[in-house]
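S.K.: To start, I am sharing the structure in question, which I have written as C-alpha cells.
Values quoted throughout were computed directly from the atomic coordinates according to the rules given, and no laboratory measurement underlies them. Remember, it's a predicted structure, so these values are computed and weren't measured experimentally. Methodologically, a virtual Cβ is constructed for each residue, glycine included, from the backbone with ideal geometry; neighbour enumeration extends over all protein chains shown.
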Amino acid sequence: MFEIKTLLVLIPALPLAAFVVTAALGKKVLRQRSHVPLVAALAAAFLASLGLLAQVYRQSQQAPDAGPAPGHESAAYEKIVPLWTWAVVGNAYTAGEGKLLAGPAESRDFRIEVVLRADPLTAVMLVVVTLVSLLVAVYSIGYMHGDPGYWRFFTYIALFVFSMTMLVSVSNFVLLYVFWEAVGLCSYLLIGFWFQKPEAAAAGKKAFLVNRVGDSGFALGVFLIWITYGTLNFHDVKVAPDPRAPERTVVYHDPADVQNANLAGTQFGGVLGRTTLDNMAEHPRLYHGAALVAICLLLMLGACGKSAQLPLHVWLPDAMEGPTPVSALIHAATMVTAGVYMVARCAPLFAASPQARQVVAVIGGATALMAAIVAVTQTDLKRILAYSTISQLGYMFLAMGTGTLLGVAAGMFHLVTHAFFKALLFLGAGSVMHATGGVIDIRRLGGLRRVMPVTCATFLVGALGLAGIVPLAGFWSKDAILQAVRQEGTAGSGSTLYAALYVAALFTALLTAFYTFRAFFLTFYGPTRIPPEAGRHAHESPRVMTVPLVVLAVGTVVVGALLEWNRVLERFLARTPSISFLEGAAHAAHSEPGFDWSIAAASTLVAVAGIGLAGALYLAMPALLEQLTATMKAVGLYALSAGKFFFDPIYSLLIVRPLEGLARLSAWADRVAIDGLVDRIGGLPPALGSALRPFQPGLIPFYALAMLLGLLVLLGTMLI
Amino acid sequence: MTTLLLTTLLLPLAGAVLALGNGARARHSALMTTLVTLVLAAILVAQFPGGTDVFAKMDLGWLGAADGSKDSIGICFRIGLDGLSVWLFGLTALLMVVAVLVSWEAIDQRPAAFYGLLLALETGMLGVFVARDIILFYVFFEFTLIPLFFLIGIWGSEERRYAAIKFFLFTLAGSVLTLLGLLAVVLWDYYHSPTGVMTFSIADLTANLAARPMERWMQVGVFGLLFAGFAIKVPLFPLHTWLPLAHVQAPTAGSVILAGVLLKIGTYGFVRFALPMTPEGVAACMPWLLWLSLIGILYGALVALGQDDVKRLIAYSSVSHLGFCMLGVFALNPLGLQGGVLQMVNHGLSTGGLFAIVGMLYERYHTRRIEDLGGLARQTPLLAAFMVIFSLSSIGLPGLNGFVGEFLILVGMFQRGWAEAPAALAAQYRAIAVLAVAGVVLGAWYMLGLVEKVFFGPLRVPGQGAGRHGAAHGTAHEGAVRDLVPREVLALSLLVVFIVWIGVQPRLFLDPMAPTLEGLSRRATESVALAHGPAAQVPRLNGDRSFPEGHAAPSHAAQGRAARVPRLNGSASFVYSEN
C-alpha cells in the first residue's frame, strides 16, 4: 500500500487538503480550531516522509535499478512519478547544425510535465520540512492563540508546506521555479500577516521584490538551460510512439523504462540525467563552456534571493516583522534553504564549472562573515537570529562551492542540523516575546532564566548547537564544512582562495559563538528585567509551546552525532543520481570515515573563545565592554556593523530612488510630451481650417472680386 | 453548431432591443441575455474539436452570393471559429457577464440605454472574432467603436467627452488605414487570381497569398497600413495615450470590456491578417516590432509605477502586458505565438478583474487616488483578497494564468535570440529577451506597491485625516462600508476560476489553439529565413556536440526556400500594370 509513489503524492497532498479545508471553513466554522486540519495533515505527512525515507534508503542500498553508470562505480537510486502534462508546444525547437542545442538533430516539443521524484536528497529534505513544520504548527497553537487571523495563519502555513514539499520533490526546472515562487508568495503573505502594521506590509513587499530580482536570474538560467540542453527535465525520458495509437507519442519517465534498450523510442537526456552526465565525463569540453558558467551564475542569483545571500540578503532581517513561528519555519529552517537545495540538486553543473563554483564559495564565505559581523551589534533578538541565519546559510553555500561530494554532503548536513537548532532558537525567542508582551529588544530584557526555565534551557541547547560545541549538532556539520573547504584549499585550482575562505570560516565561527552567547547572556542572565508591556504574562509559555522546544532541543543534541556516525548521511546522499557523479562519490562507499581532529580542535577552540569572550564582556567585566565598544567606534567597525554595512541606504540611493524618479519622469513625459504631441497633431486640422476661414467670409462682393481676380490671372497666364 | 454560432452572435443584439424596451428592469434582461450567451458560447467552445479546420462554419450571401461565382462581388456573411478565435470568443462572453454584474448598482441613469449599448457592443466583439470575411470583420471592428463611444461619453467621469472623442478619433484614424491595407490585399489577390474571382474570404485570401506571395515592398507597405490600425488598438508605444484616458473616464463595465476584449482586437488583427498575409512584411519589420514591444513593456511599467490614480496605474499596466503579448507574437516561433495568444486571454481575465475591483472600490470610497486610501483590507477583507489574487495573476505568479503566458513568451523570445537569429540581429534579440525579463520585476513592483498602499497599513479612507491617525477615525466609518456582496463575489469568482485553471492545467487551453497557430508560425519562420537569411552559424558556446552520431536536419531556411513557389507576377500572363 505504501509504495514510494503513493507516499510521494501523499506528502504534498495532505497539506494541500488542509489548505483547502482551512481556507473554506476556517473563518466561519473552525475559528479557533483552525489548526486541527493542518496539524493532523502534517503529522501524517511526517510519518509518510519517514516511510519514504526508509523505502528510499532500502532501495538505494539494494541493487541499483539500472546498474552503475559507465566510468563510475557508485550506484544511484531515483524513482520518477509523472502526474499530468502541464503544457506542450509542438515542434518548438529544431536542433541541427548551427544551433546551440546539444543533442540529436531533430525537432523537439516543449513539453512540461508535472513530475515528482524520490531520491535520497528529496527524502532527506522532505523529512526535515515536514518535521519542522509539524513542530512549528503545534507551537503556533499556543503562540497565535486568540489572534483574529488565526484561521488565516494556518491557511497560509498549509499552503507553504504544500509548496515547500513540492519544491523539493519536483523533477523539472519549470516546476522548481513554480514552487520557488510559490513559497515566496507564502513568505510574502506571512511576513505581511499583520498587514495593519506598515512595517510588516512594507517588509512583505520588499521580500517579494528582492526575491523577484533573484527569481528573474533564475528564470534567465532556466531559459538558457532550455536553449542549451533542449530540455528542462532533471531526469532522462524516452519518447516513443504510443503502442495503442501510433500517431500519438508517449513519454516514459521511469528509469527502468528509459534504460530499457528493448523499448523503441528516442531518449532525451535530462539536464541532470544519466545520459547528459555520462557525456559530461566523455566530452569534458562540452560542459565547461561559457553557457554553463552563465547558467550556474544565474541559478546562483536565484539562490541568493531565496537564501538571502549577498547581495540580495536585505529582505530577510526585515522579514522578522512576521509572526515568530513563521520566522522559525520559513525564514530559518525551510524556505531559505531552498537555494542550498537547488545548488545541491544542480551540483554536477556547478562542479563542472570551476568559475561558477568559486563564485558560490566566495559569496557563501563573504555572506557568512558579513552577517556574523552585523549580528554582533544588533539589539533585536530576532534580528540577531536573522543575521545568524544569513551567516549559516553562507556556510552552506561555502560548502556547496567546493563542488565535491564532501562539500555538498557537508552543506546538506548543515542544512539539516541548522533546521533543528535555528528553529529552536527562533521558537525560544518567540516564547520570550510571548512572555514579555512582544518586547524583543535584548537591552530591555534580563535574567529571564528565573521566569522561564524551560525556554532558557532549550535556548541554551540551541545556542550551544549554533556555536558548535561538541557533541551538539552544529559541531559536526560545521566541522564537515570546514574539512571540505580545507581539503579544497590544499591543492588544485583556486587553492589559495579556498584556504582564505577556510580562515574566514573559522573567524566566523568565533563571531557566531560570541554573538549567540551575547544574546543569550543579555536575555537570560544578569539582573531580572521585565518590560512593562509584559503585564501579567511574564511566565513560562504553555505546554503546547514548550513541548516543541524540548523536541527540537533533543533533536539538536542527537541529530548531529547520529548523522555523522559512519558518515551515514554522506553515503546516503551519494546515491542521489546527480550527486553520484561528483568527485569522490565513487569512493564514498568504501572510504573510511575520516574524522579530522585538528579541525575539531580548532573549531572547538574558537567556539569556546567566543563564548568566553561574551561571558567576560557581558557578565563579568562591563567596563571592558565599554572600552572595547569605544575602540570599535573609533575604528569605524562599530558603525559598519550596527549600520549593517549600509546595504539598505545604498540600494535606496542607487536603485530604488533613481527608478522611482524615472517612473515619475516617465509619467510626466507621457502626459506632457507624448500625449501633448498627440493633441498638437489633433489640433492641426482645426488650425488649418481656421487659417483658411478668412477666405470664406460669406460676402458676395468678396467672392465676386476673387472670381474676377482669378479670371484675370488665368487670362494673363494664357496670354503670356 | 452553425446555427448555434449565429444565434450566439445575434442573441445580444436581440437582448439589446429587449433591454431598451424594458426600462427599469433592463439590467435583469441584460444579465439573462449575457448568461444565455455565455452558456451558448461555452457549448461552442467545449465542442471545439481542435485541429486546423474552421468550426461551426456558416456562409451566407450578403453583398454577393456565397457560392463564389465570378459575377458577384464576393462579400459574404462568413462566420466560424478556429484555434485563434475560440478562446477570445469565450472570453468575450465571460467578461460581458462580469460587465453587467459590476454595473448593477453603479448605473442608475438611463439604464435601458446603457445595457442596450453594452449588449450591442457584445455582438460587435463576438462578430470581430467569428468573422471570416474581411468586410464583415471590418464592419464588426468599426461597430464596436460606436457603443463604446457612447458608453464612455455618457456614463463616464468628469472628462468623459474629451476621452470619448479622443478614443474615437484615434481608433478611427488607424482603422481607416487598416481598411486600405485590407482592400489592397483583396485587390492584389483579384488581379493575380487565375480564376478572376474577387474574394473577400479571409481563408481564401490567406491560402492564395501563401501560394502567390506579394512582392516584399508590397508586403511591407500593406503591413504598414494594417499596423496603423492594429497598433493603435493594442496599443503599442507611442500610440497608447488614448488608452489611460479612456480607461480612467469610462464606467467600470467599459473599462472591463475595453481592457479585456477590445485591446485584443488589435493583437488578434496582427495574428489573423498581418502574419499570414504579409509574412515577409512582418519579418522585415521584426526588429522594430520587437523593440516597440519591449519599450511598451518597460515604459508602460515605469509609467504605471509613477501613477497616483489606481485606475490609471492599471491602464498603464495594460500597456506593459500587451507589450508582452506582442513580443510573443512577433518572436514568430511556436512558443512565442502560443504564449502571446494565451496571454491575450490571461490579460483579459486579470486586468478585466482588476478594473472590476477598482470600480467596486470607487463605489465604496468615491475616490481613485492612491494616497486617499489605505489599510482597506480591514474594512473589506474579501475585496482585498480578490485584489491580491488578481494582482498576483497580473504579475505572473506561477500557478496562476499570467505565468504560463509570460513564460512561454520569454522562452520563445530567448529561442529567437539564441538559436534562431541571424548573426546581425542576434545581439539585438538577446538584449530584448533579457530586458523583457526586467519588465517582470517592475510589474511586481508597481502592483504590490499598489496593494500595499491601498489595502495594507493603517486604515485611511477619504474624508478622514490623512496619515497614521486615520486609523482611529476609520473605526467610526467602518460600519458604513460594506464588504463585497454576493453579486460582486460571483462576478470576480467567474474570473478566478479560469485564472487558476489556466495556471494549473494550461495544456487544456493551449492544445485547441495549437494546430492553427503552428501553421501560422511555420509560415512566419520561413519568411523570417527569407528576410534575414538563415539562423546564424553561431559558434556553439559549448564547443562540442554531445551526440556525435546525431545528424543534422535541413534547416528551416533551406526548407523555406525549397517550398517557395516561384512568383507568378514575374510571368507574362499576369502583368497587371497594363490592365
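S.K.: At 7 Å along Cα-to-Cβ for each site, give me the label-to-label distance between B:Ser193 and A:Val239 in nm.
M.R.: 4.1
S.K.: Under 16 Å between alpha carbons, and skipping anything fewer than 8 positions from A:Lys478 in its own chain: which aspartates and glutamates qualify?
M.R.: A:Glu488, A:Glu564, A:Glu570, A:Asp596
S.K.: How about A:Lys27: which aspartates and glutamates have a C-alpha closer than 17 Å to its C-alpha, ignoring those fewer than 8 places off in the same chain?
M.R.: Within the straight-line cut-off, A:Lys27 pairs with A:Asp147, B:Asp483.
S.K.: While we're here: Residue by residue, what Karplus-based ³J(HN,Hα) values in Hz, rounded to whole numbers, does region A:682-688 have, using 6.51, -1.76 and 1.60 with θ = phi - 60° and x for Gly and Pro?
M.R.: x, x, 4, x, x, 5, 4
S.K.: Evaluate the charge dipole of region A:232-386 about its Cα centre and quote only its size in Debye, nearest 20, assuming +1 on the Cβ of each Lys and Arg and -1 on the Cβ of each Asp and Glu. Present the calculation step by step, with values, prior to reporting the outcome.
M.R.: On the way: 10 positive and 10 negative charges, 41 e Å.
Charge dipole of region A:232-386: 200 debye, to the nearest 20.
S.K.: With axes computed from alpha carbons, what is the tilt in degrees of helix A:700-719 against the longest principal axis of chain A, rounded to the nearest 10 within 0 to 90?
M.R.: Result, in degrees: 80.
S.K.: May I pose another question? Give me the inter-chain shielding for B:381-392: mean count of other chain Cβ atoms within 10 Å, whole number please.
M.R.: Values: counts 3, 0, 0, 1, 2, 0, 0, 4, 0, 0, 0, 5.
The shielding value for this peptide is 1.
S.K.: OK, next. Run down the lysines and flag those whose C-alpha is under 24 Å from the C-alpha of B:Lys166, throwing out any fewer than 8 positions away in its chain.
M.R.: Within the straight-line limit of under 24 Å, B:Lys166 reaches these lysines: B:Lys233, B:Lys264, B:Lys311.
S.K.: Just want the ordering: B:Ser193, B:Ser493, A:Ser541, A:Ser391, from fewest to most Cβ atoms lying within 10 Å of their own Cβ.
M.R.: Result, fewest neighbours first: B:Ser493, B:Ser193, A:Ser541, A:Ser391.
S.K.: Give me the number: length gained by fully extending B:Leu508 to B:Thr52, i.e. 0.36 nm times residue separation minus the C-alpha to C-alpha distance, one decimal in nm. The partial results should precede the final answer.
M.R.: Values: separation 456, 0.36 × 456 = 164.16 nm, distance 1.64 nm.
Full extension of this stretch gives 162.5 nm more.
S.K.: Among A:Tyr395, A:His331, A:Thr367, pick out the residue whose Cα is farthest towards the positive end of the charge dipole of region A:326-482, where Lys and Arg carry +1 and Asp and Glu carry -1 on C-beta, about the Cα centre.
M.R.: Of the listed residues, the answer is A:His331.
S.K.: Going by average Cβ neighbours within 10 Å, how do the peptides A:488-498, A:262-272 rank, with the highest at the top?
M.R.: A:262-272, A:488-498
S.K.: Pairing the Cα long axis of helix A:35-61 with the longest principal axis of chain A, what angle in degrees results, from 0 to 90 and rounded to the nearest 10?
M.R.: Result, in degrees: 70.
S.K.: Here's something else I'd like to know. If each of A:Met718 and A:Asp147 carries a label point 7 Å out from its Cα toward its Cβ, how far apart are those two points in nm?
M.R.: Placing both labels 7 Å beyond Cα along the Cβ direction yields 9.8 nm.
S.K.: Still on this structure: When the helices in chain A are scored as -39500 (n - 2.57) per DSSP H run of 4 or longer and the sum is shared across all residues, what 222 nm value do you end up with, to the nearest 500 deg cm²/dmol? Spell out each step's value before the answer.
M.R.: Values: 31 runs with 467 residues, N = 720.
Counting only the DSSP helices, I get -21000 deg cm²/dmol.
S.K.: Another question, if that's okay. Please get the size of the charge dipole for region A:590-720, origin at its Cα centre, with Cβ charges of +1 on Lys and Arg and -1 on Asp and Glu, quoted in debye to the nearest 20.
M.R.: Working: 7 positive and 8 negative charges, 146 e Å.
That gives region A:590-720 a dipole magnitude of about 700 debye.
S.K.: Could you list A:Met621, B:Met214, A:Met718, B:Met344 in order of exposure, starting from the residue whose Cβ has the fewest other Cβ atoms within 10 Å?
M.R.: On the way: A:Met621 13, B:Met214 24, A:Met718 7, B:Met344 30.
Going from sparsest to densest Cβ surroundings: A:Met718, A:Met621, B:Met214, B:Met344.
S.K.: Which listed residue (A:Met164, A:Ile481, A:Leu628) has the Cα farthest towards the positive end of the charge dipole for chain A, taking +1 on Lys and Arg C-beta and -1 on Asp and Glu C-beta about the Cα centre?
M.R.: A:Leu628
S.K.: For B:Tyr115, B:Tyr446, which order do you get if you count the other beta carbons within 10 Å of each Cβ and list the fewest first?
M.R.: On the way: B:Tyr115 30, B:Tyr446 26.
Placing the least packed residue first, the sequence is B:Tyr446, B:Tyr115.
S.K.: Quick one: which residues, 5+ away or cross-chain, put their amide H under 5 Å from the amide H of A:Thr85? H built at 1.01 Å from N.
M.R.: Sorted by chain and number, the residues that satisfy this are A:Val114.
S.K.: Next up: Explain nothing, just the number: dipole magnitude of chain A about its Cα centre with +1 on each Lys and Arg Cβ and -1 on each Asp and Glu Cβ, in debye rounded to the nearest 20.
M.R.: Value, rounded to 20: 1820 debye.
S.K.: Amide H of B:Gly64 versus every other amide H placed in the peptide plane: which residues, excluding those fewer than 5 positions away on the same chain, fall under 5 Å?
M.R.: B:Gly74, B:Ile75
S.K.: Using a/c under 1.5 as the rounded threshold, could you call chain B rounded, prolate or oblate? The axes a ≥ b ≥ c are square roots of the C-alpha gyration tensor eigenvalues, and prolate needs a/b larger than b/c, oblate otherwise. Write down the numbers at each step before the final one.
M.R.: Values: a/c = 2.09, a/b = 1.38, b/c = 1.52.
It is oblate, given that a/c is not under 1.5 and a/b is not larger than b/c.
S.K.: I'd like to know which of B:Ala30, B:Ile107, A:Val127 lies farthest towards the positive end of the charge dipole of the protein assembly as shown, counting +1 on Cβ of Lys and Arg and -1 on Cβ of Asp and Glu.
M.R.: Farthest towards the positive end: B:Ile107.
S.K.: A follow-up question, please. Per residue of region A:474-490, in order, report the coupling 6.51 cos²θ - 1.76 cosθ + 1.60 (Karplus, θ = phi - 60°) as ³J(HN,Hα) in whole Hz, putting x for Gly and Pro.
M.R.: Whole-Hz 3J(HN,Hα) from phi for region A:474-490: x, 4, 5, 6, 5, 4, 4, 5, 4, 5, 5, 5, 5, 4, 5, x, 8.
S.K.: Under the definition of Cα pairs under 8 Å and six or more residues apart, what whole-number percent is the relative contact order of region A:456-610?
M.R.: 39
S.K.: So what's the angle, to the nearest 10 degrees on a 0 to 90 scale, between helix A:657-669 and the longest Cα principal axis of chain A?
M.R.: That works out to roughly 20 degrees.
S.K.: What ranking do A:547-554, B:426-433 get when scored by the average of other Cβ atoms within 10 Å per residue, highest first?
M.R.: Working: A:547-554: 21.4, B:426-433: 18.5.
Ranking the peptides A:547-554, B:426-433 by packing returns A:547-554, B:426-433.
S.K.: If you count, for every residue in A:226-234, the Cβ atoms of partner chains within 10 Å of its Cβ, what is the mean?
M.R.: Working: counts 6, 9, 5, 2, 1, 0, 1, 0, 0.
Per residue, the average neighbour count from other chains is 3.
S.K.: Give, in nm to one decimal, the length gained when the segment between A:Ala691 and A:Leu654 is fully stretched (0.36 nm per residue of separation minus the Cα-Cα distance). Don't jump to the answer; show the numbers that get you there.
M.R.: Values: separation 37, 0.36 × 37 = 13.32 nm, distance 5.16 nm.
That works out to 8.2 nm of additional length.
S.K.: Separate question: Averaged over B:306-313, how many beta carbons belonging to a partner chain fall within 10 Å of each residue's beta carbon?
M.R.: On the way: counts 13, 4, 2, 0, 0, 0, 2, 1.
The mean count of partner-chain Cβ atoms within 10 Å per residue comes to 3.
S.K.: What is the set of long-range amide H partners of B:Gly374 at a cut-off below 5 Å, with H atoms built 1.01 Å from backbone N?
M.R.: Sorted by chain and number, the residues that satisfy this are B:Arg460.
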